[in-house]
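Below: one structure in structure tokens.
Coordinate-derived values only; no laboratory data. Values in this document were obtained by computation on a predicted structure and should not be read as measured data. All Cβ positions, even for glycine, are placed from backbone atoms using ideal geometry, and neighbour counts span all protein chains on display.
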Amino acid sequence: MPVDSPLGKSRRIALAGLSALLAGCERLGFLAANAPSIFGPYKRHANIAYGADPQHRLDVYVPRQASAVPRAVVLFWHGGRWRFGGKADYRFVGAALAESGYVAVVANYRHYPQVKMPGFMDDAARAALWAAAHAEEFGGDRRRLYLMGHSAGAHLAALVTLDTSYFAAAGESAPRIAGVIGLSGPYDFLPLLEPDVQDMFGPPPIYPQSQPINFVRADAPPMLLVHGLDDDTVRPKNSRNLASALGALGVAVTLKLYPKVSHADTVAALTTLLRGRAPTLADITAFIESRALAS
């Protein structure tokens, strides 16, 4: 049996601690995740307003290396049960996407109980419209806009794409969405059992409006759905069911199910220290690049 070096053992302990902290959404975990991303080959434009509320703020990450062609734009929303979290916790996501050659937009949105649905969905539509309208200012291609999220953020990305009524409510047509990237997302989660979730998506007659799977359509953009098989927060059946419903209509959908990967691991794998935990970043870049070749 090989003998583990003290450095290797310390690194494994640190990684295990980081993953556990992220899983609990603890502040120290996010600090550890973001520390390697503070300095990188990108420029961060912070706290840009996309609406009137103090939560209507986003950060844009632009690769420093020049590009001969406009870059794909990836808009990311954080998880947190529609109640917690913020863009500052997910600097590592913006950094990972920018280092991969994309313009990354990491957006805040209003949380429950400040708003119920459709409040945070209205915010998702506003942020997507902003990203499309301002893509060229940051070297992006508005025709290559990808909506991405983790957990509750994946719900926002999928639902605002499939149910275009939120763009109509904002008084504009839906932007051209090149694809959706969902990490550990809830898409088919009725019945609602927790009192706060019942309240934020209620009253009961409108519960079905909260379910992305109820809005699948044949002209939906391609989707990448990523889920860990050890996810006991949002069950993998959410991604399986949405992928099946989309595929039945002929929508291009890629389903990636990761063995021994938890709810938090799918996004935590975007940090420098946890890249080996799951191939999230490789699958995201492969998905975006495959769409570029197909267009």
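About the Cα centre of segment 218-293, what is the dipole size in debye to 20, counting +1 per Lys and Arg Cβ and -1 per Asp and Glu Cβ, all else neutral? Please list the in-between numbers first.
Numbers: 8 positive and 7 negative charges, 22 e Å.
Dipole size: approximately 100 debye.
Additional query: Based on Cα coordinates alone, diagonalise the gyration tensor for the chain, multiply each eigenvalue by 5, take square roots, and list the semi-axes in whole Å, largest first. Please list the in-between numbers first.
Numbers: eigenvalues 152, 107, 75 Å².
Calculated on Cα positions only, the semi-axes equal 28, 23, 19 Å.
Turning to a different aspect of this structure: How big is the gap, in Å, between the Cα center of segment 144-217 and the Cα center of segment 46-84?
18 Å
Which number comes out as Rg/Rh for segment 199-273 once both Rg and the Kirkwood Rh are worked out on C-alpha atoms? Don't jump to the answer; show the numbers that get you there.
Details: Rg = 14.4 Å, Rh = 13.9 Å.
Result for segment 199-273 is an Rg/Rh of 1.04.
Ok, one more. Sort 219-225, 164-170, 47-53, 282-288 by packing, meaning the average of other beta carbons within 10 Å per residue, with the highest value first. Display every interim value, and only then the final one.
On the way: 219-225: 21.3, 164-170: 16.0, 47-53: 14.3, 282-288: 18.3.
Ranked by mean Cβ neighbours within 10 Å, highest first: 219-225, 282-288, 164-170, 47-53.
Give, rounded to the nearest 20 debye, the magnitude of the charge dipole that the chain has about its Cα centre when Lys and Arg contribute +1 at Cβ and Asp and Glu contribute -1 at Cβ. List each step's numbers first, then the result.
Values: 29 positive and 24 negative charges, 131 e Å.
For the chain, the charge dipole is close to 620 debye.
Hey, got a sec? Which trypsin sites (Lys or Arg not before Pro) in segment 125-190 land in a DSSP loop and have at most 13 other Cβ atoms within 10 Å? Write out the running numbers ahead of the final one.
On the way: sites: Arg126, Arg142, Arg143, Arg144, Arg176; in loops: Arg176.
Passing both the DSSP loop test and the Cβ count: Arg176.
If you don't mind, there's one more thing I want to ask. Taking a threshold of 30 Å on the Cα-Cα distance, which of the pairs Lys116/Lys237; Lys116/Lys260; Lys43/Lys116 fall above it? All intermediate terms of the calculation are to be shown ahead of the outcome.
Numbers: Lys116/Lys237 25 Å; Lys116/Lys260 34 Å; Lys43/Lys116 34 Å.
Listed pairs above 30 Å: Lys116/Lys260; Lys43/Lys116.
OK, next. Just to be sure I understand the model, the point goes 7 Å from the Cα along the line to the Cβ. What's the resulting His45 to Ala252 distance in nm?
2.9 nm
In deg cm²/dmol and to the nearest 500, what is the mean residue ellipticity at 222 nm of the chain if only DSSP H runs of at least 4 residues count, each as -39500 (n - 2.57), divided by the residue total? Please report the intermediate quantities before stating the final value.
Numbers: 10 runs with 105 residues, N = 295.
My calculation for the chain gives -10500 deg cm²/dmol from helical runs alone.
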